[in-house]
Ligand SMILES: [Zn+2]
């Protein structure tokens, strides 16, 4: 108490300064914590369909697992769906969510099934990918990696090229 009285008498503003410094430190640490918390929430953002790595390995073929769960890329021109142009719906090979419609499929010549648009809400996109690889896209329900979006799609429609691994898709012909 004596010390405090001395300080107080020596510098009238010291107490105010101390309060200000403590308050500043508190605000800084609080905002850092809330940022960290926010980041953690984003990282653990759950999908409707979640399975363990072992369960995915059991359910998927090795190639499907490599693409969908490990963000791999199939060899160009290797999947039959690249040249499929029948009427129908392309669903996620892992969770059967409808992802693309045949009416928006076109032959991009890339060797991968290409669409100018996705079924809104069922496909999600990751930002931060560099432009060379395009924007990463994945199934919004199970998180399975599908491919990338590029800006060199058909100019007369959306201008987008959704370059999708055929192995990540299952084709359901119309009326089936
Ligand atoms: Zn899925």
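One-quarter of the Cα convex hull surface for segment 47-173, in nm²?
Details: hull surface 29.3 nm².
Averaged projected area of segment 47-173's Cα convex hull equals 7.3 nm².
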Next on the checklist: How would 91, 67 line up from fewest to most surrounding beta-carbon atoms within 10 angstrom?
Outcome noted: 91, 67
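Ranked by Cβ crowding within 10 angstrom, fewest neighbours first, how are 161, 75, 69 ordered? If you can, show how the numbers build up before the last one.
On the way: 161 22, 75 11, 69 18.
Arranged by neighbour count, lowest to highest, 161, 75, 69 become 75, 69, 161.
Using Cβ counts within 10 Å as a stand-in for footprinting exposure, how do 112, 56 rank, fewest first? If you can, show how the numbers build up before the last one.
Details: 112 23, 56 18.
Ranking 112, 56 by Cβ neighbours within 10 Å, fewest first, gives 56, 112.
Coordinate-derived values only; no laboratory data. Quantities reported herein were computed from a predicted structural model and do not represent experimental measurements. Note that we place each Cβ from the backbone using ideal geometry, even for glycine, and neighbour counts take in every protein chain shown.
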